[in-house]
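A short write-up of the structure that comes next.
The values are calculated or read from the model by the stated rules, or taken from the named source; none is laboratory data. Here the structure is a predicted model, which means the values were calculated and not measured. Here Cβ is always computed from backbone atoms with ideal geometry, including for glycine, and neighbour counts include all displayed protein chains. These area figures cover heavy atoms from the full protein model, side chains too; ligands, DNA and RNA do not enter into them. Shrake-Rupley method; radii C 1.70, N 1.55, O 1.52, S 1.80 Å.
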Amino acid sequence: MNSAPPLVREPGTALHRQIFLVLRDGIVQGTYPAGSALPTEESLVALFGVARATVRRALADLENEGLVQRRHGRGTFVRGDPPVHGMNTPSYLDLLRQTAQTSSVRVLAVETVEPPGWVRSALGLAPDARAVRANRMRLAGETPLMVTEAWVPLDIGSRITASALRKRAMYEVLMDQGVEFGRVVQQISAEAADPRKAQLLACEVGTALIRLTRLLHDRSGRPIQHLAAHMTPQHSRIVMEIPADAIDTMSAGQIVHDVAAPRTGGATPKLKR
């Protein structure tokens, strides 16, 4: 760890908390494996440009969460077993089943409303059409894993109720109606946690969240579900498999930069919207 991002010295997240978050992410992502030592206090002081007391408070927070053990005269060591980063990639339906079987759901709200314009456009709905919106949270025991917001056209989502979602996963409710899943388009990005998401995911306001946006189609190509899922990198990661014959297609993914092209004296190219 040779460099660190500058800490924000203005009202917001305290400096010791910023250091805590950086080190915690390093532990979770395996930069600091179980049993390894974190950089010394002197190294962290120089790395982040803060006082020793600030570093010590960050390390104390890590210890209070059970992530590290501080050994007098020896340093601070990562606790626990090394994380297992499995790389098996089941099918889409198998993944949905696995998620349903290994976590519990808490239904936050289900309602039938007019969707916002961007959802209406994604689902190809008429201007006055209504859709079912379902907000849920997935948990492992008492640990929140992710919060989701799903939109489904009303004509195929009428059976999606809070009661139904407490008993069965949404994909099962849709399959019972004869829906056959087709292609999936998804986008992975990051988003700062607002107060509501921070409360649900038990993290701090402004924490960088993983945002997965997924548009699911049926076999005929009709969009049938728009899903946005938010999760913390502390507990979640996204694994993808790209078949060799799809490496030169959109299936391999595409990085999109939402910035205007610099002016070079000629006409500025228009961005696709």
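What a 1.4 Å probe finds exposed on the range 92-237 is 49% carbon and sulfur by accessible area, rounded to a whole percent. With the whole protein complex present, residue 242 retains an accessible surface near 70 Å², based on a 1.4 Å probe. Each residue, residue 180 and residue 111, gets one label point 7 Å from its Cα in the Cβ direction; the gap between the two is 3.6 nm.
Expressed as a whole percent, the accessible area of the range 15-78 that falls on carbon and sulfur atoms is 49 (1.4 Å probe). Per residue, the solvent-accessible area of the range 15-78 (1.4 Å probe, heavy atoms of protein chains only, all protein chains present) comes to 49 Å².
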